[in-house]
Structure formats: C-alpha cells, structure tokens
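The structure appears right after this line, and notes come after that.
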Amino acid sequence: MKHELKDGVLVISIEGNLLGENTNAPVMELIKQNLEAGNKKLIFNLQTMTFINSTGLGMMLTAVSKVRNAGGEVVLCSLPEQMKKLLQMTKLGNVFIIHADEAAALAHLNAA
C-alpha cells in the first residue's frame, strides 16, 4: 500500500492482494488518522491491485461508511477486471463512486 495527500485528498494505492487483516488494519488506521486530521476525501487507486476477496471488499465498504458518516466521500479508480466483475456479481457497484483513473477521481472530489 502506498499513500499520499494530493490537494487535500488522501490517495491510497492498493498493491497486490487485498485479502485480510494484515492489509486491512493499516488501511483503516490511515483512514482514521486522516479523518481525525480533517481530510474527508479519499481515493482508492486499484491500478496495481491483483486480487480482492470478500474480506477486502468488506474493508472497502467499511471505509466508505466511515468516511461518509464523517461527511466525506470515497472514490474508486483504475479498477482491474476482477474488481469490476466482483462488484457486478455482488451488485455493490452502485455503492461506490467509480472513475476510470486518478485524475478523473481527483476532479470529481475537488468539484464537490
């Protein structure tokens, strides 16, 4: 996982597999710290993610819930095919705001 702050937006780039507690706990802690600091806009850049399971998807749903409850927004971008299929199968695609790439996701959040 890599992360950086771009124009007040936390960008988290997920690399490799998003499977369980080893990956999820640091991501959720990072989100918590940023919310406490007043950063309520988040992008999950999934360009280099290779696999996600139900635990990883659950973490993303929890992140969306926490950020939205704090008055913020989460955008997913650069989804690999496996993630697109998972969202379609689970009918969760409408829960997330999805953009083709990071630039479009940043533009969306900065326009809000």
Scope region 61-112; condition in contact with a helix residue (DSSP H, G or I) (Cβ under 9 Å, 6 or more places away or on another chain) and within 14 Å of LEU10 (Cβ to Cβ); matching residues: ALA63, VAL64, LYS66, VAL67, ALA70, GLY72, GLU73, VAL74, VAL75, LEU76, CYS77
Those residues of region 62-94 which are exposed (fewer than 15 other Cβ atoms within 10 Å of the Cβ), within 14 Å of the chain's Cα centre (by Cα) and among the hydrophobic types (A, V, I, L, M, F, W, C), in sequence order: LEU92
Residues of region 1-38 that turn out to be surrounded by 11 or more Cβ atoms within 10 Å (Cβ to Cβ), closer than 13 Å to LYS66 by Cβ and modelled with pLDDT of 95 or more, as a count: 7
Close pairs (6 angstrom Cβ cut-off, 6 or more residues apart or separate chains): closer than 19 Å to GLY72 by Cβ in region 10-32, aliphatic (A, V, I, L, M) and part of a strand (DSSP E or B) anywhere: LEU10/LEU42; VAL11/ILE43; ILE14/MET49
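The values are calculated or read from the model by the stated rules, or taken from the named source; none is laboratory data. These numbers were taken from a predicted model, which means no experiment stands behind them. Note that each Cβ is placed from the backbone with ideal geometry, even for glycine, and that neighbours are counted across all protein chains shown.
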